[in-house]
Amino acid sequence: MTAPTPLEEATPSRARTVIAGARHALLTLPYERLCGRVGLLDDGGEPILLVTAGSPPAHAAGSSPTARVDIHGPQGERLVLSGSLRVVPGPATDVIARLAGPGCPTPRPPLGSCGHDHDLVAIAMIVAEVVLYLLTLTDPGGAAAQPSPDHDRTDHSGTDRGGAGSADPPGPRPTAPEKATAGSSRRAPRAAGERDRRRARAAGRRARAAGGCGTRIDLIAYALAEPDLIAAYAPDLVAHLNTVHAEQIRRLAEHAVAVDTDQGRGARQPAGPRLVRIVRSGHAREFAGAQITRLDHQGLDMWRIGPSGAEEIHLPFRAPLREPRELGKEIRWLLGLV
């Protein structure tokens with residue numbers, strides 16, 4: 001037996017990270033020929049689906065056929081789980097409160113058709129198969145990370161209502177007849193050819209999103225893997241810091257001093273955000289504003305705007321973070337509050 005590669009060892013953790021950070025999923029019931037988006041919570045790698053009471057998924061729970069859940073990650077991953085469904089006992093509100101993430105409360109899911117919490121039913125999937133699809137170098141612009149337009153064509157769960165107009169991309173709008181000219185006759189085939197090429201590229205993206213080469217993950221490895229909670233909650237944490245703690249983030253930018261990475265040898269500054277460290281003593285530079293753009297367990301990136309213009313910087317943490325609660329402690333330490 002060959003030793004697993006680093007990618008194979010990290011795949012179960014990445015799969016767990018995708019499900020930990022997701023809020024919605026695409027639930028497919030092949031035996032009922034139904035497909036729709038539902039609310040999603042994570043119970044240690046077991047998806048908890050929030051559906052409307054009386055909906056087909058609620059009726060299907062407890063039956064033997066296998067269901068499928070597609071979950072899209074922020075970096076283009078697509079996690080596909082298969083298994084049987086069962087109803088979670090107790091009110092859905094109790095399930096939501098129990099599964100609130102550490103340091104990052106789970107947002108309230110959409111209410112049922114009558115606008116009440118008791119319209120929701122929590123359904124758990126007993127996972128029997130886990131497959132993770134990753135973007136490849138041939139996937140342009142992360143297209144494979146986007147669900148096919150067909151995914152939102154119907155909504156049988158009642159928990160996430162999309163417009164009916166999102167079923168298919170609209171075709172060219174009809175226009176009033178125009179007088180044919182030599183220029184227009186030459187442009188018409190070119191425009192039609194461009195539309196065909198766009199449609200072909202869109203069809204290719206949908207095919208890659210629906211198929212491709214996935215990695216099947218051993219169920220025991222998946223169950224024992226630990227998710228990267230910082231990566232899972234990064235979008236929520238970044239939005240929270242930029243809106244609720246904007247003043248503290250600006251103070252961080254004012255006390256951030258560039259680190260001399262070339263050590264005086266005259267080497268060129270590497271591309272990307274400029275490495276900085278916090279210096280609380282001395283005179284702080286004044287900045288009009290700052291905004292975090294990226295966050296992981298090792299540090300954060302931000303843009304700061306001063307008299308000389310905008311600058312992108314990278315501020316590393318003292319040690320890698322393990323859960324969102326440690327982020328607040330790290331920010332307070334950087335500001336000298338602890």
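The values are calculated or read from the model by the stated rules, or taken from the named source; none is laboratory data. Everything numeric in this text was worked out from a predicted model, so none of it was measured. Virtual Cβ from ideal backbone geometry, glycine too; neighbours counted across all protein chains shown. Surface accessibility is based on the protein's heavy atoms, side chains included, excluding ligands, DNA and RNA. Shrake-Rupley method; radii C 1.70, N 1.55, O 1.52, S 1.80 Å.
Of the residues making up region 55-70, those that are in contact (Cβ under 8 Å) with a residue 40 or more places away in the chain and either open to solvent by less than 50 Å² (accessible area, probe 1.4 Å) or at positive phi (or both) are SER55, PRO56, PRO57, ALA58, ALA61, ALA67, VAL69, ASP70.
Within this structure, ARG205 passes the test of being modelled with pLDDT under 85 and either open to solvent by 60 Å² or more (accessible area, probe 1.4 Å) or in contact with an Asp or Glu (Cβ under 8 Å, 6 or more places away or on another chain) (or both).
Checking ARG332, ARG285, ARG304 one by one, the residue that is open to solvent by less than 20 Å² (accessible area, probe 1.4 Å) and more than 23 Å from the chain's Cα centre (by Cα) is ARG304 and no other. Taken together, LEU295, LEU327, LEU300, LEU337 contain a single residue that is out of contact with any strand residue (DSSP E or B) (no Cβ under 9 Å at 6 or more places or on another chain) and among the aliphatic types (A, V, I, L, M), which is LEU337.
When restricted to residues that are of a type in the set (S, T, N, Q), modelled with pLDDT of 80 or more and open to solvent by less than 50 Å² (accessible area, probe 1.4 Å), region 76-120 contains 2. If I filter region 30-41 down to residues being modelled with pLDDT of 90 or more and not aliphatic (A, V, I, L, M), which single residue comes out as farthest from GLY90 (Cα to Cα)? Once the filter is applied, the top-ranked residue is PRO30.
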